[in-house]
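Nothing in this text is a laboratory measurement; each read-out follows from the coordinates by a stated rule. Please read these numbers as outputs of a predicted model, since none were measured by experiment. Using ideal geometry, Cβ is built from the backbone for each residue, glycine included, and neighbour counts are taken over all protein chains shown.
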Amino acid sequence: MQNLPRFQPENLEHNKTIFESVNEMTARKGCKPSQLALAWVCYQGNDVYPIPGTTKIENFDKNTGALSVKLTLEEKVELESFASMDIVKGNKYATRIPTYKQLDTPPLSSRKAT
């Protein structure tokens, strides 16, 4: 993580305040950060479903606990403000790590049957 721009000293202090803001909200809501994230996904609408993966019953129980976390519209807006792209400082990846952002999937017609 030491080479990732978001964790460099010039960005870390600012980004740490975002982390602390999320933790403050979880304390107010009485939940874990993962539960808050899943509750936010559930709040997106009746046609959106979170699909958390886990290999441990303990984590499964925490995930299902998200169903009891209720968000108000104000809390949803507050939570989304923490993660807006212009708030977080530093790129997610170092410039030398390929992200495939500039690539397109080749059209199906260009593939040859085998």
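How high is the relative contact order of the chain, given as a whole-number percent (alpha carbon pairs under 8 Å, six or more residues apart)?
37
Need one number: nm distance between label points at THR54 and SER34, each 7 Å from Cα along Cα→Cβ, rounded to one decimal.
Those two pseudo-labels are separated by 0.5 nm.
Helix-only estimate, please: 222 nm mean residue ellipticity of the chain, summing -39500 (n - 2.57) across DSSP H runs of length 4 or more and dividing by its residues, to the nearest 500.
Value at 222 nm, helices only: -14000 deg cm²/dmol.
Would the chain count as rounded, prolate or oblate if I go by the C-alpha gyration tensor, calling it rounded below 1.5 in a/c and otherwise prolate when a/b exceeds b/c, oblate otherwise?
It is oblate, given that a/c is not under 1.5 and a/b is not larger than b/c.
Just to be sure I follow the rule: in the chain, considering lysines 8 or more places apart or on different chains, how many pairs have Cα atoms under 26 Å apart?
Close lysine pairs under the 26 Å cut-off: 25.
Please find the FRET efficiency linking TYR43 to GLU13, where r is the Cβ-Cβ separation and R0 is fixed at 25 Å, and quote it to the nearest 0.05.
My answer for the efficiency is 0.25.
Using only Cα atoms, find the angle between the long axis of helix 73-82 and the longest principal axis of the chain, and express it within 0 to 90 degrees, rounded to the nearest 10.
50
Measure nothing but the geometry: give the 0 to 90° angle between the long axis through the Cα atoms of 9-29 and the longest principal axis through the Cα atoms of the chain, rounded to 10°.
50
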